1. Taking the criterion of being at pLDDT below 95, among the hydrophobic types (A, V, I, L, M, F, W, C) and open to solvent by 30 Å² or more (accessible area, probe 1.4 Å), would at least one residue in segment 283-299 satisfy it?
2. Cβ-Cβ under 9 Å, sequence separation 6+ or interchain: first residue in segment 63-74 and among the hydroxyl-bearing types (Ser, Thr, Tyr), partner in a helix (DSSP H, G or I) and open to solvent by 10 Å² or more (accessible area, probe 1.4 Å). Which pairs?
3. What pairs come up if the first residue lies in segment 301-312 and is under 14 Å from residue 265 (Cβ atoms) and touching a residue at least 60 places away in the same chain (Cβ under 8 Å), the second is among the aromatic types (Phe, Trp, Tyr) and crowded, with 20+ Cβ neighbours inside 10 Å, and their beta carbons are under 7 Å apart, counting only those six or more places apart or on different chains?
4. Under 6 Å between Cβ atoms, at least 6 apart or on separate chains: pull out the pairs that start in segment 232-251 with a residue that is under 15 Å from residue 187 (Cα atoms) and end on any residue that is among the hydroxyl-bearing types (Ser, Thr, Tyr) and open to solvent by less than 60 Å² (accessible area, probe 1.4 Å).
5. Assuming residue 185 fulfils every condition listed in (1) surrounded by 20 or more Cβ atoms within 10 Å (Cβ to Cβ); (2) among the acidic types (Asp, Glu); (3) part of a loop (DSSP other than H, G, I, E, B) apart from one, which condition is it?
6. Could you grab me the full set of residues in segment 378-393 that are more than 16 Å from residue 59 (Cα to Cα) and either crowded, with 20+ Cβ neighbours inside 10 Å or modelled with pLDDT of 80 or more (or both)?
7. Is there a residue in segment 194-216 that is open to solvent by less than 40 Å² (accessible area, probe 1.4 Å), modelled with pLDDT under 95 and not charged (D, E, K, R)?
8. So residue 207 ticks every box in (1) assigned to a helix (DSSP H, G or I); (2) touching a residue at least 60 places away in the same chain (Cβ under 8 Å); (3) small (Gly, Ala, Ser) but one. Which box is left unticked?
Amino acid sequence: RNIMHVKAFALVVWWVEVGGEQSHATHVSIVGEEFHINGQPTFEGRKWRGVSMQGLLPNARMVNAIFDDLNNKTRHLWKYPDTNKWDPERNTNEFVTAMNYFAANGLKAVTVSLQGGSPCGNNPQDDHPPCGEMYGRDSSGFDRHGGLRAPFFSRLASVIDRADSLGMVVFLQLFYPDQAGRIFDDDAAVIRAADNAVDWLLDRKYSNVLIDVCNECDLCRIAYRYCEPKRLSLSSLHWPASIHTENGGIVHLRGTHGQLIQRMRQRAKARGVTLYLSSSYVGGNLPEHDNTGQVITDPMLPEFKFFDYVNIHGNNLWHYQAGNLANMVQQLRAHPRFRKMPVVISEDDGLCSHDGTMHWPTAEKAMHDPHKTGPLGVDCDFHFSTCQPTTRSKCAFGNAVAAKVSWGLFLGCCGFATCPAWSHNYYRGESFQCPPIKWSVDSSYTKKLFFALLKEATGSAGLVNLASAHPSYPTCQDCWAINKGNHGDCSRIPGCDHQTCGFCTN
């Protein structure tokens, strides 16, 4: 009898049929600057060290939770060490299991992408195996015409369903431009893909999803040289802009991204549903700012008006003194066209330059550094162990909380730096993006510090002992954390040899 009660409860949590229609347990909404779940602000009344957590969505970038690679020439790059093959279902199943631990430690949202995210580092010139081969991958949940690839959406459903049962929210990213430019035949295919994705969500009546239409939709505006002709032809994934080039010229970029967002909103509205939509920006860059960091005031080039929440990335803070997130958010909110809405940082890797001295042209040159070290600042560390909720904190999470911003952890491979082979070591488990991914909350020192901090800040119960011994393999971030971010030879720290953390040896 008790077993039957447990089964009945499980059915209520996972899947309720009322009059033949699906009903869900988690309903996200936006009220002013706050996120609400089921009609109440998140973390209502909760204070962390005297600072309010109310209305925030602590999150993490886990875009490859439903990842697959349909290119047989590159698929082997992501193989599991114990089976010697890549398995997308295993990847998603392990992620769904780990979501229980994410939620228990206070993580309220995850970003998942229908076109994946870079399974290696972010340096487009990186030729270190397996990174150099990965650009031929096909990790898109859409086909060339904008149709839905069923296995991707089946995996996505399992993620959204589990999030629903745990009271979590999914930031669903539809388009990842390097994949979009490679996969779609034309801009019409992008529009069909957006239509199909909206219909899929509405058909299932999901109510715990926030849409991130396009990852770093402003890249061609601030780094035009990296946008190939095919990518530029997809006008629905660009904002219109006048771009100042390095030789002093101006390029006029045709973009219809705002119209795509509005089309999606109206498509949902026609069925009586409110979709909350935004698109993210390259780290350190803001909506309605050009590639020199200047405010765009042209009334014919609006962006804020299309958003229900602002989605920015916190890495690469080259334009802001001391890499201060609060300073960046202050500038964002000071824009004459900004209106009151939640601000989300859905990506911050804590690795790139945070010293306020580097601007994008300098960073581009550093990316082509033959030593492949990339742009690195004086404080390349998350500072979780000394985190405080103040606007002057070096800890980005604390800095964001003080600025009333929902902060998102990004544990990629290595930012702009070269990805060593161990970046993809499943047993080391240090990444949340580089397959094969170990989705554990405690497989690296950095993960343990983050989830322990999040547990404290949110007052969550937790399910694992995050204060246990340091894992066998330290990561680059671990080396910095142990070494207090000081320059010096990391080889004196056990496991932090030159190969593991070479950029510490300045």
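1. Yes, segment 283-299 contains at least one residue that is at pLDDT below 95, among the hydrophobic types (A, V, I, L, M, F, W, C) and open to solvent by 30 Å² or more (accessible area, probe 1.4 Å).
2. 74/133; 74/135; 74/136
3. The qualifying pairs are 308/276; 309/276.
4. 235/256; 236/256
5. (1)
6. Taking segment 378-393 and keeping what is more than 16 Å from residue 59 (Cα to Cα), we get 378-381, 383, 385-393.
Across segment 378-393, the qualifying residues are 380, 381, 383, 385, 386, 387, 388, 389, 390, 391, 392, 393.
7. No; the residues of segment 194-216 include none that is open to solvent by less than 40 Å² (accessible area, probe 1.4 Å), modelled with pLDDT under 95 and not charged (D, E, K, R).
8. Answer for residue 207: the failing condition is (1).
The values are calculated or read from the model by the stated rules, or taken from the named source; none is laboratory data. Given the structure is predicted, the values throughout are model-derived calculations rather than measurements. Virtual Cβ from ideal backbone geometry, glycine too; neighbours counted across all protein chains shown. Surface accessibility is based on the protein's heavy atoms, side chains included, excluding ligands, DNA and RNA. Shrake-Rupley method; radii C 1.70, N 1.55, O 1.52, S 1.80 Å.
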